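This report refers to the structure that appears directly beneath it.
Computed from the coordinates by the stated procedures, all read-outs in this text should not be read as laboratory data. Keep in mind it's a predicted model, so treat the numbers as computed, not measured. Using ideal geometry, Cβ is built from the backbone for each residue, glycine included, and neighbour counts are taken over all protein chains shown.
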Amino acid sequence: MARSGKVSVIGAGFYGSTTALRLAEYDIFDTVVLTDVLDGKAEGIALDMNQARWIEGFETKLVGQTTGPTGEGYEAIAGSEIVIITAGLPRKPGMSRMDLIETNAKIMRQVAENVAKFAPDCVIINVANPLDEMTALAQIVSGFPYARVIGQAGMLDTARFTHFVAEELNVPVSSVTTLTLGSHGDTMVPVASVCAVNGKPLSDLLSAEQIDALVERTRNGGAEIVALLKTGSAYYAPSAAAARMARAVHEDSGKVMPVCAWVDGEYGLSGAYLGVEAVIGRGGIRSVVETPLTPDEKALLVQAYEAVLAKQADVKDL
Ligand code: APR
């Protein structure tokens, strides 16, 4: 595939810079733009990454740009087909993602306003936490159609679930199928009924207690890493998820991915951003897919929906 297009990453912290490097190493974009409010940080990182091009064999160019609170520097993202928003504080040990809401909402307002102004045709992929609420806020502030604002969480949570199953059974991750829906938080719904190893149902291979333990570890997957790191949160698996979503948009791939998307009647639920499976293409979300669920899983998804609906109703005032 020939190289084309521009993708921008807002926030050059751990998550943003790792995402930018993954995108550049795909070697499918002309340009990856990385921005940050800290003077020179994005420029320095981009220069460093550009110097890796000859060694790693990719031609995509990275452009670093310092931005100001009232939009200074944002012209660098003009013409982006995709903008990934990573700007925001990460958790500290003991914090829930919801503890970040006020600080990150202020950052999101500023960022989404400028993204809408300077890259009005892009697809926004939000990764800032609390994920479901910040994705909803990105849509409200940008005024973009729902399909063009997506959140990254389900790919990551599913990847974590898959890792834990593969470790438990000592099998390759490629043989494992798992899925998580719902919110990126307490009401995450790991969908055990669709989980399988080489097509064999997980319930044939592990006891209900073992599956419950893996589900619980998946729900706390982010907090487990935050507790180990002591400062900051995960970014290697998260950036892999965000970069793959951006790639699916760029390639108009039609891949089905678990993402945070606007529901409009699917599962009988409407009017909120929720973790669901969706078909991803050039315009963002092509359609939301209704995965068959057991009655218990459906009840958990409805619980997740009710929880995010209540929180998302408040974000417009933040
Ligand atoms: N515009 C651009 N960049 C900003 C802004 C802003 N208005 N405000 C803050 N930043 C930058 C910071 O300067 C910092 O470089 O965002 C970056 C955040 O980086 P880290 O602190 O390393 O955090 P990171 O691990 O990258 O997480 C970013 O992703 O997983 C979520 O919860 C996490 O919300 C957090 C986000």
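Dividing the helix sum by the residues of the chain, where each DSSP H run of 4 or more adds -39500 (n - 2.57), gives a mean residue ellipticity at 222 nm of -13000 deg cm²/dmol. Note on segment 154-315: Cα-Cα pairs beyond 20 Å make up 52% of the total pair count. Taking the C-alpha atoms only, the angle from helix 14-26 to the longest principal axis of the chain is near 80 degrees.
Against the main long axis of the alpha-carbon atoms of the chain, helix 295-315 sits at an angle near 30°. On a per residue basis, the convex hull of the C-alpha atoms belonging to segment 157-224 measures out at 74 Å³.
Beyond 17 Å, the tail of the calculated P(r) for segment 103-240 holds 63 percent of the Cα pairs.
In this calculation the C-beta distance from residue 230 to residue 54 is compared with R0 = 45 Å, giving a FRET efficiency of 0.80.
Among residues other than residue 183 with Cβ under 13 Å from its Cβ, the summed charge is -2 (Lys and Arg +1, Asp and Glu -1). Sites listed here are trypsin sites (Lys or Arg not before Pro) in segment 1-32 whose DSSP assignment is loop and whose Cβ has at most 15 other Cβ atoms within 10 Å: 3. Here the simple spin-label model places points 7 Å from the Cα toward Cβ, and for residue 286 and residue 303 these points are separated by 3.4 nm. Full extension of the chain between residue 78 and residue 270 yields a length gain of 65.9 nm, computed as 0.36 nm times the residue separation minus the alpha carbon distance.
Beyond 22 Å, the tail of the calculated P(r) for segment 6-151 holds 35 percent of the Cα pairs. Charge tally for residue 245 (other residues, Cβ to Cβ under 12 Å; Lys, Arg +1; Asp, Glu -1): +3. At each listed q (0.07 Å⁻¹), what is the log10 of I(q)/I(0) that the Debye formula gives for the chain modelled as equal alpha-carbon point scatterers? Values, matching the q order: -0.26.
What angle, in degrees between 0 and 90 and rounded to the nearest 10, separates the Cα long axis of helix 131-142 from the longest principal axis of the Cα atoms of the chain? With rounding to tens, the tilt is 40 degrees. As a rough guide to protection, the peptides 206-218, 277-289 ranked by mean Cβ packing within 10 Å, highest first, stand as 277-289, 206-218. Cβ under 11 Å from residue 71's Cβ, residue 71 left aside: what net charge do those residues give with Lys, Arg +1 and Asp, Glu -1? Every neighbour counted, the sum reads -2. For segment 100-119 versus segment 187-224, the inter-centroid distance based on Cα atoms is 35 Å. Between the alpha-carbon centres of segment 140-169 and segment 269-287 there is a gap of 11 Å. Applying 1/(1 + (r/R0)^6) with R0 = 35 Å to the Cβ-Cβ distance of residue 318 and residue 251 gives a FRET efficiency near 0.50. Across segment 1-101, Cα pairs under 8 Å and at least six residues apart give a relative contact order of 33 percent.
A cut-off of 5 Å between modelled amide H atoms, ignoring neighbours fewer than 5 places along the same chain, links residue 9 with 33, 34, 35, 84.
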